[in-house]
Structures are given as structure tokens and as C-alpha cells.
Amino acid sequence: LEKKIAILEGRIPEKYPDVKYLGYKERKRILVTGGAGFVGSHLVDILMIQGHEVIVVDNFFTGRKRNVEHWFGHRHFEMIHHDIVNPLYVEADEIYHLASPASPPHYMQNPVKTIKTNTLGTINMLGLARRVGAKILIASTSEVYGDPMVHPQPESYWGHVNPIGPRACYDEGKRVAETLAYSYAKQENVSVRVARIFNTYGPRMHVSDGRVVSNFVMQALQNLTITVYGNGKQTRSFCYVSDLVDGLIALMASSYTLPVNLGNPVEHTIEEFAVIIKNLVPGCRSTVATGAAVEDDPQRRRPDITLANTHLKWKPKVSLEEGLQRTIEYFREELSRTTFYNNQTY
Ligand code: UDP
């Protein structure tokens, strides 16, 4: 409660020692699509603490009110239950366009919705940015590189995407979103920023989100078998959510308009990752098992973050161990307050 009051009063909680509190003149009206989601809600926290007025738009397909409920009632905070596939009319100085299912099982479950959100939804947000003269940041993804033939991946790489595979709704959806952004920039003079976000993890990931971090941590905490898909030799590089949010804010503020990779270049195989998580959970008795491979699973992924470093002076600060420890604590609390049936959360 004390922390909640500190947040509501605009005092900076201990958790955010680096946040700069802005004066009245610097205050902006900022729209965050997908603001009740995992990344969106962390971004909203920082923007609110900085003193901005924040409008969250979410259809709650994967986002949750709980992620932002600590801001309910704050005079700078507004939440709209809306699907951006339909037009939206609000005033804003900046738009962070984050709305989209992002976990492979989620977006594969409803590929049509995923494609609509990333195409129609992005057109609506770019149209809004044009009408009100807002700067807009599009959340793109490392998935635009597909199963990459170049390693690590620089922004100049055009990618290797299967246009009709199970991941295509997301990969191609985001590729079109980028194309739309630069088309609006060229034809309509919209000020765009494009962040290519690599694997991100941290508190507020959903326990049944289906991505590797949430799955492995939940399995380790319950002494269940840790399920590695395929032989586990595929690699990923994981960025803690607060680092990503710093990168998004730095990109919005910068004058650099081409796509920028945001991610942590520390790369591990999924097999190594299973062991790292298991070892971070004291007394964990889980075993690690390999299983069937996932179709079109990218085999290697690591961001080249030279551009972000040069233009945004950004690089991740939180180590994998520290980030995972905070994430494990979050999931431990989630477990204690959630009901489980047949290893499924409800
Ligand atoms: N993965 C796994 N076990 C799981 C979930 C995922 O081995 O329970 C693997 C998955 O096949 C992929 C990697 O972990 O190679 C990352 O998957 P995730 O769904 O987190 O994100 P992606 O990077 O594929 O979008």
C-alpha cells in the first residue's frame, strides 16, 4: 500500500531510481496501444512516473487490467477498452503502438486477428498520428528477420521469412507494419520510429503465456519437467523488460527514424537456458526433457545493437541472472494466488 500511495502521489519509488521527473511544460499526452500488456504496462509506469498524461488503449485479448490497476483514479491516467482494428479518435502528442499478440502460441491461435491488428490496426494508428500531428513509435520485432541467415542480426539484414508458415501472421504482419510506417512517413510526413524488439522477459508476463521464460520458470517452480522444444540447440538472447522500456523511450526522443534493434546481445541455447533457470530456483527437482521441434522455429537469434548504442546511447543494464531472479519472484507470487487445474492456470 505504501508503494501504491508513493506512485499515486507521483513520488518516485525506490524501484525507479533513474527516472527523471518532468516539469509541467515538458508534460505530453501519450497514447499507448496495448498499454495493459506485458511491455506496455511497464512503459506506462515510467511515463506516468515522469509526469505525462497517459491514455491506454487495449482490447484485453492478451492484456490485463491488473497490469495497470495501480493507476486507476490518477488524474493523468485514462484507459479505453477498444480494439484498434476500429478507428480511434483521441488527441495525443506521441503514440507508442504496441498492441498485438506477441507470444507464438497466442498469435498462432488466432492468426487472422494478429494480421488484422498489425495491418488495419497500424493503419488506424498511423492515420491518427497524421490527423493529430503525433510522433508514432511502432513496436516491430526480431521476427522480421525470420530464421536468419546472418548472425548476429543487424538492421540492414532483410530477413528470411516463410510467408505462409505458422509464424507468418506475426512476422509478415510486423513487416507490413514497418512498410506502412515508412509509407506514411514518405507520403504523409508522419514522424515515425521503429523498434525491432528482441525476446523480452520480466514480471507481468502471463503465467500461461506459452513463451519460453514463463514456461520454464513455472515448470521449475512446480518441479515439473522443463519442456525443451526440439534438440535445444536453438539460441535466443533475452532482454529484461525495464531495459527495453528505456530503449523505447530513448528511441521516441531521438531524431533517428530508421528501424533500431532493441535487445540484449547475451546469447544462450535454449538447453542452457533451461539449466540456468533450474539452478536459480533453490531446491528445484525438475528434469529437462527435449521433445518435438516447432515448425519454422528460428535457429539463432542475437541482436546487433550497434545502432542503438550509437544513436540512442542505449545498452541493456540488467544481467540475465538478476532479471531472472526478479521474474522468478514474480511468478512465485503468481503461483500462490492462482488456481491450477491440470497444470493450466485460470
Ligand atoms: N521453447 C521451448 N520450450 C517451451 C517454450 C519455448 O523450448 O516451453 C523454445 C522455442 O521453441 C524457441 C525458444 O524457446 O526456440 C523461444 O520461444 P518463445 O516462444 O519464447 O519465443 P520466440 O523467440 O520463438 O518468439
Worksheet, complete the sentence: About its Cα centre, the chain carries a charge dipole, from +1 on Lys and Arg Cβ atoms and -1 on Asp and Glu Cβ atoms, whose size in debye to the nearest 20 is 380
Worksheet item: Which FRET efficiency value, to the nearest 0.05, is calculated for His74 and Arg131 with the Förster distance at 30 angstrom and r the Cβ-Cβ distance?
Response: 0.65
Worksheet item: In nanometres, what is the gap between the two model label sites at Ile276 and Thr290, each 7 Å from Cα along Cα-to-Cβ?
Response: 1.9
Practice prompt. Roll a 1.4 Å probe over the protein heavy atoms and report the accessible area of Glu26 in Å², nearest 10.
Written response: 90
Worksheet entry | Cα lying deepest toward the dipole's positive end in the chain, options Thr119, Val90, His151, charges on Cβ | Val90
Worksheet entry | From phi via Karplus (6.51, -1.76, 1.60), per-residue ³J(HN,Hα) for region 41-48 in Hz, x at Gly/Pro | 5, 5, 5, 4, 4, 5, 4, 5
Item to complete: Ignoring everything but the protein chains, give the 1.4 Å probe accessible area of His311 in square angstrom, nearest 10.
Response: 90
Discussion item. Keeping all protein chains in the complex and leaving out DNA, RNA and ligands, what accessible area do you get for Arg337 with a 1.4 Å probe, in Å² to the nearest 10?
Written reply: 130
Discussion item. With unit charges on the beta carbons (Lys and Arg positive, Asp and Glu negative) and the dipole taken about the Cα centre of the chain, which residue among Val241, Thr290, His81 sits farthest to the positive side?
Written reply: His81
Discussion item. Test of understanding: extend the Cα→C-beta vector of Tyr256 to 7 Å, then name every residue of region 188-214 with backbone N under 17 Å from that spot.
Written reply: 192-198
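Which entries in Lys65/Lys317; Lys25/Lys174; Lys65/Lys313 show an alpha-carbon gap greater than 31 Å? Don't jump to the answer; show the numbers that get you there.
Values: Lys65/Lys317 28 Å; Lys25/Lys174 35 Å; Lys65/Lys313 33 Å.
Violating the 31 Å limit, Cα to Cα: Lys25/Lys174; Lys65/Lys313.
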Worksheet item: Residue farthest toward the positive end of the dipole of the chain, with Cβ of Lys/Arg at +1 and Asp/Glu at -1: which of Tyr184, His160, Tyr330?
Response: Tyr184
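Can you list the trypsin sites (Lys or Arg not before Pro) in region 258-305 that are in a DSSP coil and have 10 or fewer other beta carbons within 10 angstrom?
Working: sites: Lys278, Arg285, Arg300, Arg301; in loops: Arg285, Arg300, Arg301.
The qualifying sites are Arg285.
Only sites in a loop by DSSP and with at most 13 other Cβ atoms within 10 Å count here; which trypsin sites (Lys or Arg not before Pro) in region 137-242 make the cut?
Values: sites: Arg167, Lys174, Arg175, Lys186, Arg193, Arg196, Arg204, Arg211, Lys233, Arg236; in loops: Arg167, Arg204, Arg211, Lys233.
When the trypsin sites (Lys or Arg not before Pro) of region 137-242 are filtered for loop state and at most 13 Cβ neighbours within 10 Å, Lys233 remain.
The values are calculated or read from the model by the stated rules, or taken from the named source; none is laboratory data. Predicted model, so just to flag it, every value in this text is computed and none were measured. Glycine also receives a Cβ, built like all others from the backbone with ideal geometry; neighbour counts cover every protein chain displayed. Accessible surface areas use protein heavy atoms only, side chains included; no ligands, DNA or RNA. Shrake-Rupley method; radii C 1.70, N 1.55, O 1.52, S 1.80 Å.
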